[in-house]
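Readers should treat all values here as calculations from the given coordinates under stated rules, not as data from a laboratory. Values in this document were obtained by computation on a predicted structure and should not be read as measured data. A quick note on method: Cβ atoms are made from the backbone with ideal geometry, for glycine too, and the neighbour counts reach across all protein chains shown.
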Amino acid sequence: MSQNERETGHTIIWKPDGKEMIYIPAGSFIMGSDESRDNERPAHTVYVAAFYIDRYPVTNEEYKRFVDATGYPVPYYEVEWANLEEYNWDPETRTPPPGKERHPVVLVRWEDAQAYAAWAGKRLPTEAEWERAARGTDGRRWPWGNEFLLERCNTRETGINGTAPVDQYSPQGDSPAGVADMVGNVWEWTSSLFRHYPYDPNDGRESLKAVGWRVLRGGSWLNDLDRARCTARLDGDFLFFSNVGFRCAISASEVRLIGENKSSPGF
Amino acid sequence: MKYQCRDCPKTIRDRCIQESGESPSVKTMMRRAFEAGTDTQWMWDRLQMSCLRARQDQQKPASPRRSLLSQRLQEAQKRAETVEISPPPLPPSSLPTPGELPDLQPPTATRMPARYGLILRGGQHRVALPPEGELVLGRFDLATRISPDVDLTYDDRGNYAISRRHARITGRSGQYEIEDMGSTNGTYVNGRRLGIGQKMPLRLGDRISLGNCEFTYAILPDLMITPGGSLTQAYLWVAFTGQRFLLPSYGEVVVGRGDPVVGLFPDIDLGTIREVARVVARRHVKIIAREGRHYVQDLGSADGTRLNGVRISIDNLQILGPGDHLWLGGCVLAYDVEEALEPKPAWTTGH
């Protein structure tokens, strides 16, 4: 990916959870796609205010810091209808499955993601923010361009058949703004309700209290490359799954910068 | 289907009560309820097996035939009859007590095995449960064209409250358990939400809620069709769209996806339904109607056919009963019957 394709932004370290976050400037972008599934049509322009978004999804070791600090229940379920052995935490020691510390945390419900975000002083990205961060402004199919390339993300075609460390495909799989692991690996919870396009942030779909299915974005290790496109949407009509995780975001207006990043372009 | 006792001629009713296997006190109670016109759904549920027998004995016996088809039909019939399910005795606490406490006994073994299932409140179909194995309830996924065994899309229409994989019912020798499959809106049994991993055994009369769909766990009636005068009309109901295709009471009907390119148009053409067409084979199953019953045969489709969650093989005919669900590669059809809008056959008059 050439340098001039990268957007100019800056990164910060978010103090409460130590995660790197990338600044996405305010502006319009092309959301959706006319060439794909019905729920992605039509392609239309959406304006998003400036925000910061986690560079990587929340990992098991980061989620562990959260559960240790708050006593929140760990991701652990005993069910017959899915094989969760590889991803279940140990309920007694409250630790993630060994070897998966740098993998994205899974078996988390939308409510769990909200709880982590609240503890960290952040929130989940809206669907529009997520797509803006993944796609940039030029309407590309995948974060790196319009052609799918195998070594850029973790989908079914990759053959791992499970989660991978969040930085494994960086920087080759990064979006124009430098956000990593947006597609493949795990679906990510957003805060928006699953509704038809065009995306209207004022029609109630961004309400956190409303009842309905929340949108998942980004494809996963279990799904094929078509679901890993920047515009692919999934209605979250289940509580949790072994290929669903999340990352956090925060509006730029809520951020008070300290230290070296005090003066930054456009802020 | 509404219970039929109120419209039933007296001789049939009396015979029905007599053969029901209930204790004398229950029989008296039922007779009194009939006469007073206060008979109930509860009574129908307990009497329907003997009701069927009483009505079927009114029919002329079928003449024997020797074709391969009739041989397969007999085998299918026999298979259905030899499935051994003896319903467990009903716990007294779950039944209403009309006046005197009835002395409860399990119904006697019948020629038609008892079939358990779910009756949807205000719905156009019932859901039969397989004696063994699991049945997944949920909705058809437009994006992947994957459907669970029971598709509740049309029943849920407008509510968006039922998940693609919502609940699972597993059966072992006539005992059933339900569990929630991690759905967002949950599965409720008698008003209580099931926890993740919690398996709740079902008892007759239990109310199960998935989203806005309310089911009652009950014994499903078997068919009541008399040859030479149909009391009931059988149909296939497309679970995704709510469309109905009426089934004839005699003959064969091919169900599949019409294809103008090769000039193939099955009798029931699911190709007209855009969303499900792609998963159905051009000639997917054949429904054979004989002597008041319907049988299904898979015609060698690539994705196969499942009956109540169980894959059926190509050479076997399977008998169909009310509430049976056919999964055709992803398109779910429910088989059910309802009262035909025709004058009643001759044998019911003159009593």
Please compute the net charge surrounding A:TRP14, taking Lys and Arg as +1 and Asp and Glu as -1 over other residues with Cβ under 13 Å from its Cβ.
+3
The long-range amide H neighbours of B:TYR176, using H built 1.01 Å from N in the peptide plane and a cut-off of under 5 Å, are B:LEU202
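For B:ALA143 and B:ARG193, compute 0.36 nm times the residue count separating them, minus their Cα-Cα distance, and round to one decimal in nm. If you can, show how the numbers build up before the last one.
On the way: separation 50, 0.36 × 50 = 18.00 nm, distance 2.88 nm.
Residue separation times 0.36 nm, minus the Cα-Cα distance, leaves 15.1 nm.
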Could you compute the net charge surrounding B:ILE162? Neighbours are other residues with a C-beta less than 13 Å from the C-beta of B:ILE162; K and R count +1, D and E count -1.
-4
As an exercise, use a Förster radius of 60 Å and the Cβ-Cβ distance of A:ILE13 and B:SER67 to find the FRET efficiency, rounded to the nearest 0.05.
0.15
Given H placed on each backbone N at 1.01 Å, which residues far from A:ARG41 in sequence or on other chains put an amide H within less than 5 Å of it?
A:SER33
Note, ³J(HN,Hα) from phi for the range B:283-295, Karplus 6.51, -1.76, 1.60, rounded to Hz, x at Gly and Pro:
10, 9, 9, 10, 9, 10, 10, 8, 6, x, 10, 10, 10
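Where does chain A land at 222 nm, in deg cm²/dmol rounded to the nearest 500, when only DSSP H runs of n ≥ 4 count, each adding -39500 (n - 2.57), divided by all residues?
Working: 3 runs with 31 residues, N = 267.
Value at 222 nm, helices only: -3500 deg cm²/dmol.
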Restricting things to alpha carbons, tell me how big the range B:246-349 is in terms of Rg and Dmax, in Å.
14.9, 53
Can you list residues from other chains, or at least 5 along the same chain, whose modelled amide H is less than 5 Å from the amide H of A:LEU222?
none
Report the FRET efficiency, 1/(1 + (r/R0)^6), for A:GLU86 and B:GLU275, where r is their Cβ-Cβ distance and R0 is 41 Å, rounded to 0.05.
0.75
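For the pairs A:LYS19/A:LYS100; A:LYS122/A:LYS209; A:LYS100/A:LYS209; B:LYS78/B:LYS286, note any where the Cα-Cα span goes beyond 28 Å. Please list the in-between numbers first.
Numbers: A:LYS19/A:LYS100 18 Å; A:LYS122/A:LYS209 17 Å; A:LYS100/A:LYS209 33 Å; B:LYS78/B:LYS286 20 Å.
The pairs that break the limit, which is 28 Å between Cα atoms, are A:LYS100/A:LYS209.
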